[in-house]
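Colleague: Mind looking over this structure? Questions follow.
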């Protein structure tokens with residue numbers, strides 16, 4: 001089964017909270033799990049990207065990334 005691409009996890013969770021049919025609820029829960037995993041990957045990638053940018057900027061500007069100022 002391929003989860004539906006449309007809608008974010010909040011929309012899916014809201015629909016699941018209102019669903020009465022157990023078969024449809026199961027499908028919505030599978031979609032919700034897929035959407036949450038996708039969101040988690042996005043957050044991890046965003047954090048990694050920002051850390052990479054920070055460390056590249058720190059290394060190219062000559063700033064000590066440890067924060068210690070030993071002049």
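Colleague: Would you point out the residue of the stretch 21-71, among those that are at pLDDT below 80 and surrounded by 10 or more Cβ atoms within 10 Å (Cβ to Cβ), that is nearest to residue 11 (Cα to Cα)?
Modeller: Out of the qualifying residues, it is 57.
Colleague: Consider residue 16 carefully, then state whether it is at pLDDT 95 or above, part of a helix (DSSP H, G or I), under 21 Å from the mean Cα position of the chain (by Cα) and surrounded by 10 or more Cβ atoms within 10 Å (Cβ to Cβ).
Modeller: Spelling it out, residue 16 is indeed at pLDDT 95 or above, part of a helix (DSSP H, G or I), under 21 Å from the mean Cα position of the chain (by Cα) and surrounded by 10 or more Cβ atoms within 10 Å (Cβ to Cβ).
The values are calculated or read from the model by the stated rules, or taken from the named source; none is laboratory data. Fair warning: this is a prediction, and the values are worked out from it, not measured in the lab. For neighbour counting, all protein chains shown are included, and Cβ atoms are generated from backbone atoms with ideal geometry for every residue, glycine included.
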